[in-house]
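Take a look at the structure below.
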């Protein structure tokens with residue numbers, strides 16, 4: 001047979017191989033599209049800011065890159081107040097004060113998967129460092145409901161002597177202790193997490209509401225919202241080591257590096273405190289009645305929401321100054337950002 005020519009059988013074999021190659025390439029292309037789409041979804045989910053709008057009962061979803069609202073979620077509850085993201089950003093948990101529930105939002109679809117009854121005046125949330133348990137402050141109950149984040153059901157309660165009011169919860173980095181504010185009693189409760197019991201109570205200021213444990217677990221920083229100060233607790237001695245005047249009605253706070261930023265609701269500003277000298281080192285004018293405040297994952301920006309101006313403002317930490325504003329729903333209270 002002359003070189004360069006194929007028999008009929010040889011031609012058919014080559015054609016079959018060609019067709020199979022086409023299908024393989026098509027399959028690989030489809031996989032690329034699917035995985036590319038999946039990567040896009042993950043990227044979008046990891047670049048989101050979530051805002052709880054108390055008066056609307058909604059959650060605003062904001063693209064952190066272009067500062068645009070990309071979705072508004074019906075939280076399926078009334079007086080949506082506090083937010084917390086699971087470590088993998090899969091679930092967004094939201095409290096609904098009036099309905100006494102926690103809404104669980106699937107961040108991939110921006111839809112509520114379920115709502116969990118957690119007690120009267122469900123106010124705030126705290127997630128254990130391992131992400132397995134969600135502890136809930138129900139202000140008018142004499143217990144702390146504990147939600148299993150896998151089954152999304154209440155699996156246990158921490159007994160309290162009496163209702164503590166609308167407080168907040170935060171855990172030590174090792175997950176062994178939890179701290180919860182009681183604005184009703186002007187105390188911080190120290191709780192043994194494995195033992196599910198209150199160990200002691202630390203007197204603080206009037207209307208103590210928000211608190212946060214330092215990254216090394218050695219200090220608790222909290223706001224005396226009924227006054228004009230914040231406090232710093234030594235976690236070894238369980239005693240207040242400092243009280244710092246920051247302005248009328250301090251609300252939430254967050255730490256970025258060696259500085260702590262506090263939303264001062266009664267003065268329409270964010271106060272900056274040096275975590276080492278424990279002194280106010282700066283102030284940033286913002287909107288009316290700032291409340292929730294949260295850092296971007298890289299710590300370069302802060303997100304602050306305002307009850308009266310109904311917006312989120314973006315602060316550049318280096319400046320420090322406001323560099324962007326995004327309208328939200330009515331009376332935004334809390335804000336979190338995906339990792």
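Values in this text are rule-based calculations from the coordinates and carry no lab data. Keep in mind that what you see is a predicted model, and the values were worked out from it rather than measured. Cβ sites come from the backbone with ideal geometry, for glycine too, and all protein chains shown count toward neighbours.
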At 222 nm, what value in deg cm²/dmol follows for the chain if DSSP H runs of at least 4 each add -39500 (n - 2.57) and the sum is divided by all its residues, to the nearest 500? -4000 deg cm²/dmol
Where does helix 8-45 land angle-wise versus the long Cα axis of the chain, in degrees 0 to 90, nearest 10? 10 degrees
Among region 219-235, those whose backbone N falls under 14 Å of a label point 7 Å along Cα→Cβ from residue 248 are 226-229
Using a simple spin-label model with points 7 Å from Cα along the Cα→Cβ vector, what separation in nm is obtained for residue 151 and residue 114? 0.9 nm
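If the chain between residue 130 and residue 200 were fully stretched, how many nm would it gain, using 0.36 nm times the residue separation less the Cα-Cα distance? List each step's numbers first, then the result.
Values: separation 70, 0.36 × 70 = 25.20 nm, distance 2.40 nm.
Contour length minus the Cα-Cα distance gives 22.8 nm.
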State whether region 101-242 is rounded, prolate or oblate according to the following rule on the C-alpha gyration tensor (a ≥ b ≥ c being the square roots of its eigenvalues): a/c under 1.5 gives rounded; otherwise a/b larger than b/c gives prolate, and the remaining case gives oblate. prolate
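Could you work out the per residue convex hull volume over the alpha carbons of region 51-176, in cubic angstrom? Could you put the intermediate results ahead of the total?
On the way: hull volume 13.3 nm³, N = 126.
Hull volume over Cα atoms, normalised by residue count, gives 105 Å³.
May I ask you to derive the relative contact order of region 82-145, considering only C-alpha pairs under 8 Å and at least 6 residues apart, and to give it as an integer percent? It would help to have the intermediate numbers written out before the result.
Values: 148 pairs, mean separation 16.6, N = 64.
It comes to 26 percent, rounded to a whole number.
Could you list 125, 134, 185 in order of exposure, starting from the residue whose Cβ has the fewest other Cβ atoms within 10 Å?
Working: 125 22, 134 25, 185 18.
So the ranking, lowest neighbour count to highest, is 185, 125, 134.
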With N denoting the number of residues in region 176-271, provide Rg(C-alpha) divided by 2.2 N^0.38 Å, to two decimal places. 1.03
Quick one: compute a quarter of the convex hull surface over the Cα atoms of the chain and quote it in nm². 23.0 nm²
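Please work out how much length the chain gains when fully extended from residue 323 to residue 238, using 0.36 nm per residue of separation minus the C-alpha to C-alpha distance, in nm with one decimal. Please list the in-between numbers first.
Numbers: separation 85, 0.36 × 85 = 30.60 nm, distance 3.89 nm.
My answer for the length gained is 26.7 nm.
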If you build a Gaussian network model of the chain, linking Cα atoms that sit under 10 Å apart, which residue out of 320, 215, 194 swings the most? 194
